[in-house]
Amino acid sequence: MTNVFDRLIGQDALVADLRGAATSARSIAARFDEGDAGAVSMFAGDPVDELPTAVRESMTHAWLFTGPPGSGRSVAATAFAAALECQSPVEVGCGECHSCTTVMGGTHGDVRHIAPEGLSISVKSIREIVSVAARRPTTGRWQIVLVEDADRLTEQGANALLKAVEEPPERTLFLLCAPSVAPEDISITLRSRCRHVALTSPPVDRIAQVLVERDGIDAERAQWAASVSGGHVGRARRLATDEAARNQREQALAVARAATRESTALGAADRLVKKATETASAISEELDAPETEELLTALGAGGTGKGTARPPRGTAGVIKGLESRQKSRKTRLARDALDLALVDLVALFRDALALSTGARVTLMQPDKEHDVIRPMAEYASPDKLLACVEAVLECREALAGNVKPKFAVGAMVVKIGDQLRRS
């Protein structure tokens, strides 16, 4: 395994800052180990983004990683956590020591990962993790709380986390990940307590290079997948290797053409929602089965002794709780799959809008330029194409507000069809 920061693509300046901060953190941890009560004053608390290099590379107790989907914000936070716990005396984030491998694998005893299993992160989850993280580290230098989707914190959850960030235990660090610093993604007060780390989408050529070198994907297919992935490395890998992912993308982009005819519009909307549901169900089945089996085994079911054929009495609530969490996760997976399809669709309309106005930009769906994008740009006026973009964005907002997908997507297709048929 290489250095943990090698997982970040096209983020060289950021890696240098994080490596410097992790090095600074070693000195602070050593002071704590020596019983220096003043070591906490070594944390640099200035949350301003434009900082001199010496301050950027100093350490603070709370960090906020932002960036568009696929930019690697959670990877960056996890790599930083590994570097903070790294045991190598020579290389920060060596990627080979026990701490690095366990942090990257999600099994380190002092690194707590918080990610929404359902549609949001509850205050209960935050309180439980923060309570445990307030203890002294057991094997590493720090107790680290890593919140992968801080934009999904409930209001109560955000307030509970804010309290912990404002009054942190001396050996506890908080690493938060969110799409942006906008108030709808992270509370203003919580953001002000963190040092901001902004990631950008990696360039297409770098993504393609990774797919070829790390995954052994054919160069031509890797270049195509990188060009239509929206800068999302994981998405590019799935498009290059998974036919189902390619089919789902094609189905999403086909909505634009289907919406122009009343006879096909609503059918395309239904198929889009159904495909997202099927994708979520397939993923859920893979995740649910081992979780359920593990829980039942822990409760004593499946044994060979007397009375072990089924879980003991009083455990029905535990099993029901797991089923409820799995159901919530399935709903989130379906919403995420549908949102990804909508991102592809809005990118198609954006490309057509760009061409219709003569803007010189890189297309987000370049493989559709000649058979879909250019004909659409020549057929529909810019204001109509802009209305189509807005219709898709409104649909995403409706889904985020828990509107049923069938109704939200149906309304979107009707709006798109109304604009394109009137052109």
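The values are calculated or read from the model by the stated rules, or taken from the named source; none is laboratory data. If you're wondering where the values come from, they're calculated on a predicted model, not measured in any experiment. Reconstructed Cβ throughout: ideal geometry from the backbone, glycine too, with neighbour counts over all protein chains shown. In case anyone asks, the SASA skips ligands and DNA or RNA and just uses the protein heavy atoms, side chains included. Shrake-Rupley method; radii C 1.70, N 1.55, O 1.52, S 1.80 Å.
Inside the stretch 240-280, residues that are free of Cβ contacts under 8 Å to residues at least 12 places away in the same chain and not in a helix (DSSP H, G or I) make up a count of 1. Residues that are at pLDDT below 90 and either of a type outside the set (A, V, I, L, M, F, W, C) or open to solvent by 50 Å² or more (accessible area, probe 1.4 Å) (or both) occur at least once in the stretch 268-276. Can you find a residue that is free of Cβ contacts under 8 Å to residues at least 60 places away in the same chain and under 17 Å from the mean Cα position of the chain (by Cα) anywhere in the stretch 314-329? Within the stretch 314-329, not a single residue is free of Cβ contacts under 8 Å to residues at least 60 places away in the same chain and under 17 Å from the mean Cα position of the chain (by Cα).
Here the stretch 383-419 is the region considered, the condition is being open to solvent by 40 Å² or more (accessible area, probe 1.4 Å) and β-branched (Val, Ile, Thr), and the residue that is farthest from Leu119 (Cα to Cα) is Val414. The one condition from (1) over 21 Å from Pro116 (Cβ atoms); (2) assigned to a helix (DSSP H, G or I) that Leu338 does not meet is (1).
Kindly evaluate Arg257 against the criterion of being more than 17 Å from Ile9 (Cβ to Cβ), touching a helix residue (DSSP H, G or I) at 6+ places or on another chain (Cβ under 8 Å), open to solvent by 20 Å² or more (accessible area, probe 1.4 Å) and of a type outside the set (Gly, Ala, Ser). Yes; evaluated as a whole, the condition is true for this residue. Evaluate the stretch 337-353: report whether one residue or more is out of contact with any helix residue (DSSP H, G or I) (no Cβ under 7 Å at 6 or more places or on another chain), surrounded by 16 or more Cβ atoms within 10 Å (Cβ to Cβ) and farther than 18 Å from Arg271 by Cβ. Looking for residues that are out of contact with any helix residue (DSSP H, G or I) (no Cβ under 7 Å at 6 or more places or on another chain), surrounded by 16 or more Cβ atoms within 10 Å (Cβ to Cβ) and farther than 18 Å from Arg271 by Cβ, one finds at least one in the stretch 337-353, hence yes. When every residue of the stretch 14-25 is checked against the conditions, none turns out to be open to solvent by less than 10 Å² (accessible area, probe 1.4 Å), at pLDDT 85 or above and of a type in the set (Val, Ile, Thr). Here Arg422 clears all of (1) surrounded by fewer than 18 Cβ atoms within 10 Å (Cβ to Cβ); (2) more than 21 Å from Ala226 (Cβ to Cβ); (3) at pLDDT 90 or above except the condition numbered (3). Checking Thr308 against (1) closer than 27 Å to Ala226 by Cα; (2) assigned to a loop (DSSP other than H, G, I, E, B); (3) open to solvent by less than 60 Å² (accessible area, probe 1.4 Å); (4) at pLDDT below 90, which test does it fail? The number of the failed condition is (1).
One residue stands out among those in the stretch 1-13 that are crowded, with 16+ Cβ neighbours inside 10 Å and either over 19 Å from the mean Cα position of the chain (by Cα) or among the charged types (D, E, K, R) (or both): the one that is farthest from Ser99 (Cα to Cα), which is Arg7. The residues of the stretch 103-139 that are over 22 Å from Glu170 (Cα atoms) and either open to solvent by less than 20 Å² (accessible area, probe 1.4 Å) or of a type in the set (A, V, I, L, M, F, W, C) (or both), listed by number, are Met104, Ala115, Pro116, Gly118, Leu119, Ile121, Val123.
Counting only helices (runs of 4 or more DSSP H) wholly contained in the stretch 185-237, the ones carrying 2 or more residues that are touching a Leu at 6+ places or on another chain (Cβ under 8 Å) occupy 188-192, 219-227.
Take Glu250 and decide whether it is under 30 Å from Gly417 (Cα atoms), open to solvent by 30 Å² or more (accessible area, probe 1.4 Å) and modelled with pLDDT of 90 or more. Judged against the criteria, Glu250 is a match. Scanning the stretch 183-194 for residues that are touching a helix residue (DSSP H, G or I) at 6+ places or on another chain (Cβ under 8 Å) and either polar (S, T, N, Q) or crowded, with 19+ Cβ neighbours inside 10 Å (or both) gives Ile186, Ser187, Thr189, Leu190, Arg193, Cys194.
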